[in-house]
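Novice: This structure is in structure tokens; I'll ask about it shortly.
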Amino acid sequence: MSQPSNRAADTRRHWMDVLERYHEDRSEPLNANYWSEKDNWSRDEIRAVQDAKIAAVTPFLYENSAFYHRRFEMLGLVPTDIKTVDDLIAKWPVVDKSEMMEDAIANSPYGTYTACGEAEWADRGWMLFSSSGSTGVPRVFRYTHFDRKYWEQANARALYSGGARKGDTAFVTVGFGPHVFAWGVQYTLAKMGYPVIPGGGMDSKARVGIIQRFNPTILVCTPSYALFLGRVMQEMGADPAKSSITKIIAGGEPFTGVSGTLERLQDLWGATALEFYGCTEAAPHCGGYSCPEYQKGEENFTHLMEDIQVWETVDPDTLDPVAENERGLTVCTNLNSESSPQLRFLVGDYTRLNTEPCACGRNHVRAMGCMTGRADDLINLRGIKFFPVQIEEAVRAIPGAGDEFQIRLTTNEGELDVMTVLVEHENVDVADSVVNEIRSRCEIRCTVEVLAPDTLPKAEMKAKRVFDERGSS
Ligand SMILES: [Zn+2]
């Protein structure tokens, strides 16, 4: 008689075998244009691999994650009910942040939504990351060194697609806290064999000094910090456009689809700005990335990496899938991890997906118009709904306006919720123009206060631009 099988261990072994089957351990690109042959896979090839991974990941999650086990039982499903992408979309309701948050609260400190337990952490633990906690309870994620290899390849494909090449030196100016972006890029650059200058723990003037002395070619940071650092450089009497920086790899905030912001950033630095899009919960390494064609057409776009993730868009109200080319919220299934595969996590950025082949040779789906605001950020003012990026575009449309702006939501004496937008400009008379730009984009009236240039605080990480003080007066 054989020993009774240990289903948790068996399904883990099988899932890791499937992951290994499709893993390439590259430290050099496939050729001049692509890091991996997967970049050129046909849509049929992509789908076949997604299906193979889904068939292996559902039994694994059922046996190794209490969160997923409970959800299967609640839905009256067994793992073999979900073997393909079609099964998944038809049978598995979207998981949102609040569901994960409840699990994190009930099962502190790690929650049960990952499959990295004490044994895996002790044996091959790599790093612990945390969601920013800007909304609600932070979710933490422990990853293993097994996962690290998968992060490195996903990110290498993205960085190479954007144009990072041997000979580049990266200057990583994001904080090295427990956030996925900086560490993922850091380890990937090491795997690719590209040199790095770490830029944590110093102020912006010191960072400008590093650029001037050591001539890095790639700047890694948030888009708002890239703008700020460029301005600091100007104040120090130098022109960022004449610096050594030729590429900006930016993440953490929407920018490639924000009219005015991308141009401003690229003009300031005389560099190409590239998207690095993901989320802590389901795309901790790159999910969305730029290719050489991304800003050559009528609208900018972001590729999504489909052989390792399934990307969909859903209706914001019903959470039902929306048709291709229709606007919906992003949903990601992560099929690229031992520690934290996730099924249909609502990332929640608005975009439109398009599966037509791209001129760059990649068949991976594209998010047309890029990402234009996360559902969490939607502002509802007296029933009128709009995104902070719409205000950003209005501010960018005003020549001479400063990079920073703030949106302040308050309740006035008449108990009416109102919005005041703070902008920086040398000429206070631009207030009316800003009011009109905002009204034409958001169909809302607001008050605009014009402040002297360089009055508003600058952000080193994500810029905080919305201050909601409604009902607090
Ligand atoms: Zn492309």
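Quick note: the coordinates plus some simple rules give every number you see, no bench work behind them. If you're wondering where the values come from, they're calculated on a predicted model, not measured in any experiment. Every residue, glycine among them, receives a Cβ derived from its backbone with ideal geometry; neighbour counts consider all protein chains shown.
Novice: From the C-alpha coordinates alone, can you work out the Kirkwood hydrodynamic radius of the stretch 332-422, in Å?
Specialist: Mean inverse Cα-Cα distance, inverted, gives 16.8 Å.
Novice: Cα axis of helix 180-192 to longest principal axis of the chain: angle in degrees, 0 to 90, nearest 10?
Specialist: Once rounded, one gets 70 degrees.
Novice: A further question on this structure: Could you tell me the extents of the stretch 146-296's C-alpha atoms along the three principal axes, largest first, rounded to whole Å?
Specialist: 46, 32, 27
Novice: Rg and Dmax of the stretch 322-473, Cα atoms, in Å?
Specialist: According to the Cα coordinates of the stretch 322-473, Rg and Dmax are 18.9, 58 Å.
Novice: Read phi for every residue in the stretch 81-88 and hand back ³J(HN,Hα) as whole Hz from Karplus 6.51 cos²θ - 1.76 cosθ + 1.60, θ = phi - 60°, with x for Gly and Pro.
Specialist: 6, 10, 10, 9, 4, 4, 4, 4
Novice: Give the separation of the Cα centroids, the stretch 281-343 to the stretch 367-385, in Å.
Specialist: 17
Novice: If all Cα-Cα distances of the stretch 1-144 are sorted into 5 Å bins from 0 onward, what percent lands in each bin, rounded to whole numbers?
Specialist: Per 5 Å bin, starting at 0, the Cα pair percentages come out as 2, 8, 13, 17, 18, 17, 14, 7, 3, 1, 0, 0.
Novice: Quick query: amide H of E424 versus all other amide H atoms, modeled in the peptide plane; which residues come in under 5 Å with a sequence gap of 5 or more or a different chain?
Specialist: Under 5 Å from the amide H of E424 lie the amide H atoms of G402, L451, each far enough along the sequence or on another chain.
Novice: What translational diffusion coefficient, to the nearest whole µm²/s, does the stretch 77-178 have by Stokes-Einstein, given a Kirkwood radius computed over alpha-carbon pairs, a temperature of 4 °C and 1.567 mPa s viscosity? Each step should come with its number before you reach the end.
Specialist: Working: Rh = 16.9 Å.
In µm²/s, the coefficient is 77.
Novice: Check which residues have an amide H placed less than 5 Å from N300's amide H, if you skip close sequence neighbours.
Specialist: The list, which skips near neighbours in sequence, is G369.
Novice: Among the aspartates and glutamates, select those whose C-alpha is under 13 Å from the C-alpha of K149, and discard any that sit fewer than 8 residues away in the same chain.
Specialist: E20, E24, D25, E338
Novice: Return R445, R231, R362, R124 ranked ascending by Cβ neighbour count within 10 Å, so the fewest neighbours appear first. Write out the running numbers ahead of the final one.
Specialist: On the way: R445 12, R231 19, R362 23, R124 16.
With the fewest neighbours first, R445, R231, R362, R124 line up as R445, R124, R231, R362.
Novice: So, one more: Mind checking Rg over Rh on the stretch 238-350, alpha carbons, Kirkwood formula for Rh? Intermediate values should be presented prior to the final figure.
Specialist: Details: Rg = 15.9 Å, Rh = 15.4 Å.
That ratio is 1.03, to two decimals.
Novice: In whole Hz, with x marking every Gly and Pro, tabulate ³J(HN,Hα) for the stretch 352-368 from phi via Karplus 6.51 cos²θ - 1.76 cosθ + 1.60, θ = phi - 60°.
Specialist: Once θ is set to phi - 60°, the couplings for the stretch 352-368 become 10, 8, 9, 9, 5, x, 9, 4, 6, x, 8, 9, 5, 4, 10, 8, 6 Hz.
Novice: To continue, here is another question. What is the angle, in °, between the Cα long axis of helix 97-106 and the longest principal axis of the Cα atoms in the chain? Nearest 10 is fine, range 0 to 90.
Specialist: Compared with the principal axis, the helix lies near 70 degrees.
Novice: Using the Karplus curve 6.51 cos²θ - 1.76 cosθ + 1.60 with θ = phi - 60°, work out ³J(HN,Hα) for each residue of the stretch 463-468 in order, rounded to whole Hz, and write x for Gly and Pro.
Specialist: Calculated HN-Hα couplings, in order: 6, 9, 10, 10, 10, 9 Hz.
Novice: Can I ask one more? On the principal axes of its Cα set, how long, how wide and how thick is the stretch 379-469? Give whole Å, largest value first.
Specialist: That works out to 32, 29, 24 Å along the principal axes.
Novice: Related question: With everything on Cα atoms, drop me the angle between helix 7-21 and the longest principal axis of the chain, reported from 0 to 90° to the nearest 10.
Specialist: 60
Novice: Right, another one. If amide H atoms are built 1.01 Å from N in the plane of the peptide, which residues on other chains or at least 5 residues away come under 5 Å of the amide H of V466?
Specialist: Long-range HN contacts for V466: I407.
Novice: Still on this structure: Give or take rounding to whole Å, what are the principal axis extents of the alpha carbon atoms in the chain, in descending order?
Specialist: 86, 57, 42
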